[in-house]
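Please read the structure below before turning to the comments.
The values are calculated or read from the model by the stated rules, or taken from the named source; none is laboratory data. As the structure is a prediction and not an experimental result, all values here were calculated from the model. Ideal geometry is used to build each Cβ from the backbone, glycine not excepted, and the neighbour counts take in all protein chains shown.
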Amino acid sequence: MALKALDIFKLTPKKNCKDCGFPTCMAFCMKVASGACEIGKCPHMAQESLDKLSEATAPLMRTIKIGTDKSQYDLGGETVLFRHEKTLVNRNRFAVEFCDTMTEEEISSRIENIKAVNYIRIGEEMKVEIAALRYNSNKEAYLNLINKLKESDLNVTYMIICEDVQIAKEAVELLKETKPIVYGANKENYKEMVEVVKNDKLALGVKASSLEDLYATTEAIQSLGYKELILDTTGETIKDTFTNTVQVRRISLKEQDRTFGYPSIIFANKLSKENPMMEVALSSVFTVKYGSIIVLDNIDYAKALPLFALRQNIYTDPQRPMRVETKIYPINNPDENSPVLVTVDFALTYFIIAGEIERSKVPVWLAIPDAGGYSVLTAWAAGKFGGSSIANFIKESKVSDMTKNRDLIIPGKVAVLKGDIEDNLPGWNVVIGTEDSMELPKFLREYKASKEEALAKA
């Protein structure tokens, strides 16, 4: 059972020094007990007390680090079953599988696909994070596959899929500096596989034929003192896989059993039986239901767009609106003749509007005031995006020093604000823009053409 605040308090220095950032030791202990703070934030805690409390107050699901540098990711570390309860912290990662039976053309094609499907959505890079390298039977071909992937300049973490201990050792030697995942521990070879990974503290993937065997094997590995684990919950059928994955997560978080307190791996490619649409459907299911690593056969935009968007939505903190910095953004190299367009600081709105402005090729100063991280209509209804607040931001931002153009384009959905803004912003002409973002490029091009025509006549 989790420790109560009073149990933790008994082991604190009881100084109320506030060095932890809380007014009293009891307040600190209450935060630690709720999981909102780590016990190590108390600088005066005795080491004996820290050792006693660290394991007891640690999250029920262990956080596993994989990869290095820009390809380093955290898996697991979750504290709730459902996003709305608190938030989900470490998003799942997608892997594309390679194997030693593939031709050079097939390998090259998958490498190019991984490189091609790499784009930015709402300020976040969308890409495949893991290359899964499966050993079947040909050692030479397998090692050549590893070397080919290393030479490809792919920005990925590697996962060695191999139950042969000796070949796994050789693969680790080739990829050791990248901190790969080593998948292939089972009830027969787990002791030898632990020896392969323990010196470098690599994540070890554990597989079994049933949930009971998986529990027993995981328990046996833990008894050896090794806890950098990822559990394969893929069953023979879709139903078995779903049941296994949910059960592992529930046993960990609800029954507080740390034996299953590790991230999960799902081989969606195995379950889909070479049906790409089924692969996407299953990957979507296990993005929502607890797959920390989801393995695909291949990647293209038809797969990536729905999967990456779903993942981003699921792993957004529902308690914190996605916001961008409030400031003036120059788009398409605006100058002193460029208009000012204003919208809210909700990240999705910003990136959509900024993208449409870029598509129009019209130079614009994009003004983003503080609107609480809400959408246009929500911010307006909440009083966060009104005439006075917009006018005050335009004044405070000093955008008038950047452009002589006094046209301020506002979203068409809040056309009612035109009069209020003009009252609060003397000298500016408020232009009502489009209601739909997709109409913005045409609107801006027509706006620019009309301005140029007016100048020509003047």
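The table for this structure:
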{"item": "Of all residues making up the range 401-420, the number that are under 17 Å from residue 326 (Cβ atoms) and more than 35 Å from the chain's Cα centre (by Cα)", "result": "2"}
{"item": "Meets criteria (closer than 19 Å to residue 73 by Cα, surrounded by 15 or more Cβ atoms within 10 Å (Cβ to Cβ), among the hydrophobic types (A, V, I, L, M, F, W, C) and modelled with pLDDT of 95 or more) for residue 131", "result": "yes"}
{"item": "All positions within the range 400-446 that are touching a Phe, Trp or Tyr at 6+ places or on another chain (Cβ under 7 Å), surrounded by 20 or more Cβ atoms within 10 Å (Cβ to Cβ) and outside any loop (DSSP other than H, G, I, E, B)", "result": "408, 414"}
{"item": "Segments classed as strands (runs of 3 or more DSSP E), wholly inside the range 103-147, with at least 3 members that are hydrophobic (A, V, I, L, M, F, W, C)", "result": "130-134"}
{"item": "Identity of the residue in the range 19-55, loosely packed, with under 14 Cβ neighbours inside 10 Å and touching an Asp or Glu at 6+ places or on another chain (Cβ under 9 Å), that ends up nearest to residue 226 (Cα to Cα)", "result": "54"}
{"item": "Residue check for residue 97: in the same structural domain as residue 288 (by TED's automatic domain parsing), closer than 23 Å to residue 203 by Cβ, in contact (Cβ under 8 Å) with a residue 40 or more places away in the chain and part of a strand (DSSP E or B)", "result": "yes"}
{"item": "Filter result for residue 145 (over 30 Å from residue 319 (Cβ atoms) and surrounded by 18 or more Cβ atoms within 10 Å (Cβ to Cβ))", "result": "yes"}
{"item": "Residue check, residue 53 of a type in the set (A, V, I, L, M), within 18 Å of residue 311 (Cα to Cα) and in contact (Cβ under 8 Å) with a residue 12 or more places away in the chain", "result": "no"}
{"item": "The listed residue being of a type outside the set (D, E, K, R), modelled with pLDDT of 95 or more and on the phi > 0 side of the Ramachandran plot, out of 298, 332", "result": "332"}
{"item": "Tally, over the range 346-373, of residues that are among the β-branched types (Val, Ile, Thr), in contact with a Ser or Thr (Cβ under 9 Å, 6 or more places away or on another chain) and assigned to a helix (DSSP H, G or I)", "result": "3"}
{"item": "Filtered residue count, the range 179-201, keeping only those that are assigned to a loop (DSSP other than H, G, I, E, B) and either touching an Asp or Glu at 6+ places or on another chain (Cβ under 7 Å) or surrounded by fewer than 22 Cβ atoms within 10 Å (Cβ to Cβ) (or both)", "result": "9"}
{"item": "Top-ranked residue of the range 359-399 - restricted to ones that are crowded, with 18+ Cβ neighbours inside 10 Å and among the β-branched types (Val, Ile, Thr), ranked as farthest from residue 326 (Cα to Cα)", "result": "362"}
{"item": "Of residues in the range 148-178 being touching a residue at least 40 places away in the same chain (Cβ under 8 Å) and in a helix (DSSP H, G or I), the one nearest to the chain's Cα centre (by Cα)", "result": "178"}
